1. Among residues belonging to segment 41-62 that are open to solvent by 10 Å² or more (accessible area, probe 1.4 Å) and in contact with a Phe, Trp or Tyr (Cβ under 9 Å, 6 or more places away or on another chain), point out the one that is farthest from Asn74 (Cα to Cα).
2. Could you grab me the full set of residues in segment 89-103 that are surrounded by 14 or more Cβ atoms within 10 Å (Cβ to Cβ), assigned to a helix (DSSP H, G or I) and without any contact (Cβ under 8 Å) to a residue 24 or more places away in the chain?
3. Show the residue pairs that are 6+ apart or on different chains and have beta-carbon atoms under 8 Å apart, the first residue being within segment 38-57 and within 23 Å of Phe105 (Cβ to Cβ) and of a type in the set (A, V, I, L, M), the second being in a loop (DSSP other than H, G, I, E, B) and open to solvent by 10 Å² or more (accessible area, probe 1.4 Å).
4. Which residues, taken from segment 22-40, are open to solvent by 30 Å² or more (accessible area, probe 1.4 Å), in a helix (DSSP H, G or I) and farther than 17 Å from Leu60 by Cα?
Amino acid sequence: MKEQILVVDDEVEICLLLSGMLRKMGFGAEYAHSVSEGIEKIGKREYDIVFLDLNLPDGLGFHLIPKVKTANPNSKVIIISAYDGSVERQRAVSEGAHFFIPKPFNKKMIVNALEELHIPHSS
């Protein structure tokens, strides 16, 4: 069964771009635009990977990490954020994120993150 991925980002373009890219790589991909929408989706399905923006309209992406881990302890969390400082990176790791990708990102950065986390893909 292919891995299921949730992209949580308030920018519609990023959700469409990243989820489309991930589908072409052989993953199942959905997206949410807020912490509350992310919580709702996580409550309905287990995701293997969650790409998570930090700055969302109704809170910080950090607040979603424990909910992801409760729903599926084996989930991998990949932060995607324009806030790329050492404080954000350290907090991401301490909160349970597995990888940090700065915005703007490209396909190579996404592929590198998936490979680093040993997640097989088709492209």
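The values are calculated or read from the model by the stated rules, or taken from the named source; none is laboratory data. Since the model is a prediction, treat every value here as computed from it, not as a measurement. Using ideal geometry, Cβ is built from the backbone for each residue, glycine included, and neighbour counts are taken over all protein chains shown. Protein only, heavy atoms only, side chains kept; ligands, DNA and RNA dropped before computing areas. Shrake-Rupley method; radii C 1.70, N 1.55, O 1.52, S 1.80 Å.
1. Asn55
2. Scanning segment 89-103 gives a single hit, Arg89.
3. Partner pairs satisfying both residue conditions: Ile49/Glu3; Ile49/Leu117; Ile49/Ile119; Leu52/Ala97; Leu54/Tyr83; Leu56/Asp10; Leu56/His33; Leu56/Ser34.
4. If the condition is that a residue be open to solvent by 30 Å² or more (accessible area, probe 1.4 Å), in a helix (DSSP H, G or I) and farther than 17 Å from Leu60 by Cα, then Arg23, Lys24 are the ones that fit.
Residue-by-condition table, conditions (1) part of a helix (DSSP H, G or I); (2) more than 26 Å from Gly26 (Cα to Cα); (3) open to solvent by less than 30 Å² (accessible area, probe 1.4 Å); (4) free of Cβ contacts under 8 Å to residues at least 40 places away in the same chain:
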{"position": "Ile65", "(1), (2), (3), (4)": "yes, no, yes, yes"}
{"position": "Ile79", "(1), (2), (3), (4)": "no, no, yes, yes"}
{"position": "Val87", "(1), (2), (3), (4)": "yes, yes, no, yes"}
{"position": "Phe105", "(1), (2), (3), (4)": "no, no, no, yes"}
